[in-house]
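Visitor: Quick one: the structure is below, questions incoming.
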């Protein structure tokens, strides 16, 4: 499973959470959603605000080993973020990452529903493991991944340089298919 074809580019939805394959029609809403929390981008690998938005979108949507979703609040009928599947490997492992959701849907159960949709779909497609890689400065994301039942597998020290030039430490979490229910 070195490609993302088994995951397809299908829409995933439950309640107010809808994940649609990213399309040009989502970009204006994504720009607005990303601008709702300008401070958070300092701990992301790339910036999705202001002058950085277009270049980051071009890179994000370039043909590669990732499948990008627009995250939509179906109740409000608006884009509230993004997430993606990244780097599948021959051992049936894929990463879920590059996730951002607007403050308006944080701490509401929205993220848990979104991750449940992604994980259910991933394991139904035959993947054996999902990984999450989180900047260790992002305590909110690390706590959310642990709530899913993922186990912290280690920390990659100073392994990635962010758009600000900061050399970050990355916490790696894993969730096996037989641990997910």
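Visitor: Residue under question is residue 171, and the condition is that it be crowded, with 18+ Cβ neighbours inside 10 Å, farther than 21 Å from residue 34 by Cβ and without any contact (Cβ under 8 Å) to a residue 40 or more places away in the chain; does it hold?
Guide: So residue 171 fits the description; yes.
Visitor: Inspect region 118-129 for any residue being more than 25 Å from residue 5 (Cβ to Cβ) and touching a strand residue (DSSP E or B) at 6+ places or on another chain (Cβ under 6 Å) and give the result as yes or no.
Guide: No, there is no match, as no residue in region 118-129 is more than 25 Å from residue 5 (Cβ to Cβ) and touching a strand residue (DSSP E or B) at 6+ places or on another chain (Cβ under 6 Å).
Visitor: Identify all residues within region 128-146 that are out of contact with any helix residue (DSSP H, G or I) (no Cβ under 7 Å at 6 or more places or on another chain) and in a helix (DSSP H, G or I); write none if there are none.
Guide: 139, 140, 141, 142, 143, 145, 146 - these are the residues of region 128-146 that are out of contact with any helix residue (DSSP H, G or I) (no Cβ under 7 Å at 6 or more places or on another chain) and in a helix (DSSP H, G or I).
Visitor: Take region 1-40 and flag every residue that is surrounded by 15 or more Cβ atoms within 10 Å (Cβ to Cβ), touching a residue at least 40 places away in the same chain (Cβ under 8 Å) and over 29 Å from residue 125 (Cα atoms).
Guide: Within region 1-40, 29, 33, 34, 36, 37, 40 qualify.
Visitor: Among residues belonging to region 1-44 that are assigned to a helix (DSSP H, G or I) and touching a strand residue (DSSP E or B) at 6+ places or on another chain (Cβ under 6 Å), point out the one that is nearest to residue 105 (Cα to Cα).
Guide: The extreme case among them is 33.
Visitor: Can you find, within region 156-165, the residue that is modelled with the lowest pLDDT among those that are part of a strand (DSSP E or B) and either surrounded by 13 or more Cβ atoms within 10 Å (Cβ to Cβ) or within 16 Å of the chain's Cα centre (by Cα) (or both)?
Guide: Among residues in region 156-165 that are part of a strand (DSSP E or B) and either surrounded by 13 or more Cβ atoms within 10 Å (Cβ to Cβ) or within 16 Å of the chain's Cα centre (by Cα) (or both), the one modelled with the lowest pLDDT is 160.
The values are calculated or read from the model by the stated rules, or taken from the named source; none is laboratory data. Keep in mind it's a predicted model, so treat the numbers as computed, not measured. For neighbour counting, all protein chains shown are included, and Cβ atoms are generated from backbone atoms with ideal geometry for every residue, glycine included.
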